[in-house]
Amino acid sequence: MLRLVHIVCGVLWVGFAVFTGLLLMPALQDVGPMAAGRRGAASGAADDHHAAAGVRHLDLGLWLYAHDSAGFQPSFMTSSVA
């Protein structure tokens, strides 16, 4: 279950970045000066959710890695895949 939450948070984190960078900010720039009030409100809420998804993604990733490697054991980290 935690792995699923980790994946979902990672997808949301990247999705927020793509949405903000490729869609939201260019659209607000096209609107011009009338978007000044909207830009702060729109990006403020998005920034909060983006940061929360990123922090949760990293927290769960580290926890899952520690769990899989039995506490960051060097033998796990230096083992080969094949």
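The values are calculated or read from the model by the stated rules, or taken from the named source; none is laboratory data. What you see is a predicted model; the values in this text were computed from it and never measured. For neighbour counting, all protein chains shown are included, and Cβ atoms are generated from backbone atoms with ideal geometry for every residue, glycine included.
Please verify whether residue 18 is at pLDDT 75 or above, surrounded by 12 or more Cβ atoms within 10 Å (Cβ to Cβ), at negative phi and assigned to a helix (DSSP H, G or I), treating the condition exactly as stated. Criteria not met by residue 18.
Here 41, 46 are screened, and the one residue that is surrounded by 12 or more Cβ atoms within 10 Å (Cβ to Cβ), among the small types (Gly, Ala, Ser) and at pLDDT below 75 is 46.
Which of the residues that make up the range 51-82 are surrounded by 11 or more Cβ atoms within 10 Å (Cβ to Cβ), of a type in the set (A, V, I, L, M) and either touching a residue at least 40 places away in the same chain (Cβ under 8 Å) or on the phi > 0 side of the Ramachandran plot (or both)? Listed by number, the residues that qualify are 53, 60, 64.
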